[in-house]
Amino acid sequence: MNPNKALWEKGDFTQIAASMRDSGTALVASLDIEPPLRALDLGCGDGTTAVPLALLGADTTGIDIANNLVAAGTARAQALQLTDRLRFQAGDACDLAGVPDAGFDLTLSVFGAMFAPKPFDVAREMVRVTKPGGRVVMGNWIPDDPTSFVSQVLRISAAFTPPPPDGFVSPMTWGVESHIVERFERAGIAADRIAMRRDQWRFALPDRTPEELIDLFSRFYGPTMNAFEAAGASGRADELRGQLVTMARAQNTAADGGTSISATFMRVTIRV
């Protein structure tokens, strides 16, 4: 199996996505969607941003490499009676086989396509499927940023896992401006058509503590699941959990026993 597919099918990201719904809705609202508009949500999960796109009237296709998340998104679309303008399908951000050129006014990927293993191919494909005059918008975690919650989760987890294979390109490089420019320039986009700024995402679970949020990551988020398996094999699982919980507590701003953690990310907008 494709290793990236195996990673994201390993857990159940819907359990994490429940903490991200409000932020997904807010990000989509900031895009100033004006139907009629065709949108592609790449690495869509179960629809954290695809559902709000459809609710605003966009004809939306969500593509994800994980079949379980495609099924979960389809179930959400059916429950919300959005199947007339929201569909989910399996696909690989590195090679969007069967997706026509210039088919979308907006191509969006929020913490999705950044995890695909071939970033230059990802940039090329996102540009290819977007209409001239359309937009590509990405949300990417920023490496080594102490205010970027998931970046810190991944940084801590990496210290407990074996080194990556030769040729591995860290997904965190999608949060570095020079890499972003290089990848989209290679895809034919001039630097003055690439805009980047820092934005905020929020993990909100009013009925769960930071410790419980970390437990969700340990049980359902593929990269963290791998870290806990490796740490358990070396007798360090408690150490890993302790570091993650300490970090989550420090970033939590909820005062009522719940969890509210703001996470900085890089917002990228490409004018095709």
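Structure values in brief
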quantity: Tabulated pairs, the stretch 32-48, first on the phi < 0 side of the Ramachandran plot, second among the polar types (S, T, N, Q) and in a strand (DSSP E or B), C-beta under 7 angstrom, 6+ apart or interchain; calculated: Ala39/Thr60; Leu40/Thr61; Leu40/Thr107; Asp41/Thr60; Leu42/Thr107; Leu42/Ser109
quantity: So Gly112, is it touching a strand residue (DSSP E or B) at 6+ places or on another chain (Cβ under 7 Å), modelled with pLDDT of 95 or more and crowded, with 17+ Cβ neighbours inside 10 Å; calculated: yes
quantity: Helices (runs of 4 or more DSSP H) (entirely within the stretch 1-41) containing at least 3 residues that are among the aliphatic types (A, V, I, L, M); calculated: 21-29
quantity: The stretch 205-224, subset buried (at least 18 other Cβ atoms within 10 Å of the Cβ) and of a type in the set (A, V, I, L, M, F, W, C), residue farthest from Met172 (Cα to Cα); calculated: Leu205
quantity: Flag for Thr130 being polar (S, T, N, Q), touching a strand residue (DSSP E or B) at 6+ places or on another chain (Cβ under 7 Å) and under 24 Å from Leu53 (Cβ atoms); calculated: yes
quantity: Condition met for Leu53 (closer than 17 Å to Gly134 by Cα, touching a residue at least 40 places away in the same chain (Cβ under 8 Å) and assigned to a helix (DSSP H, G or I)); calculated: yes
quantity: Check on Ser178, surrounded by fewer than 16 Cβ atoms within 10 Å (Cβ to Cβ) and modelled with pLDDT of 95 or more; calculated: yes
quantity: Residues satisfying the stated conditions in the stretch 73-107, i.e. over 24 Å from Lys5 (Cα atoms) and surrounded by 24 or more Cβ atoms within 10 Å (Cβ to Cβ); calculated: Phe104
quantity: Subset of the stretch 199-251 (residues that are under 30 Å from Val136 (Cβ atoms), touching a Phe, Trp or Tyr at 6+ places or on another chain (Cβ under 7 Å) and of a type in the set (D, E, K, R)); calculated: Asp199
quantity: Residue count, the stretch 119-140 (criterion: in contact with a helix residue (DSSP H, G or I) (Cβ under 9 Å, 6 or more places away or on another chain) and surrounded by fewer than 18 Cβ atoms within 10 Å (Cβ to Cβ)); calculated: 1
quantity: Exclusive hit being over 24 Å from Gln200 (Cα atoms), modelled with pLDDT of 95 or more and part of a loop (DSSP other than H, G, I, E, B), set Asp105, Asp84; calculated: Asp84
quantity: Those helices (runs of 4 or more DSSP H) lying entirely in the stretch 152-270 with at least 3 residues under 20 Å from Trp8 (Cα atoms); calculated: 210-220, 222-233
quantity: Condition check for Val70: crowded, with 21+ Cβ neighbours inside 10 Å, without any contact (Cβ under 8 Å) to a residue 60 or more places away in the chain and out of contact with any Lys or Arg (no Cβ under 9 Å at 6 or more places or on another chain); calculated: yes
quantity: Criterion violated by Ser234 - all others in (1) hydroxyl-bearing (Ser, Thr, Tyr); (2) over 23 Å from the mean Cα position of the chain (by Cα); (3) under 21 Å from Gly112 (Cβ atoms) satisfied; calculated: (3)
quantity: Scope the stretch 116-142; condition farther than 21 Å from Phe265 by Cβ and assigned to a loop (DSSP other than H, G, I, E, B); matching residues; calculated: Lys118, Val129
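The values are calculated or read from the model by the stated rules, or taken from the named source; none is laboratory data. Since the structure is predicted, the reported quantities are computational estimates derived from the model, not experimental observations. When we count neighbours, we look across all protein chains shown, and the Cβ atoms used for this are built from the backbone with ideal geometry, even at glycine.
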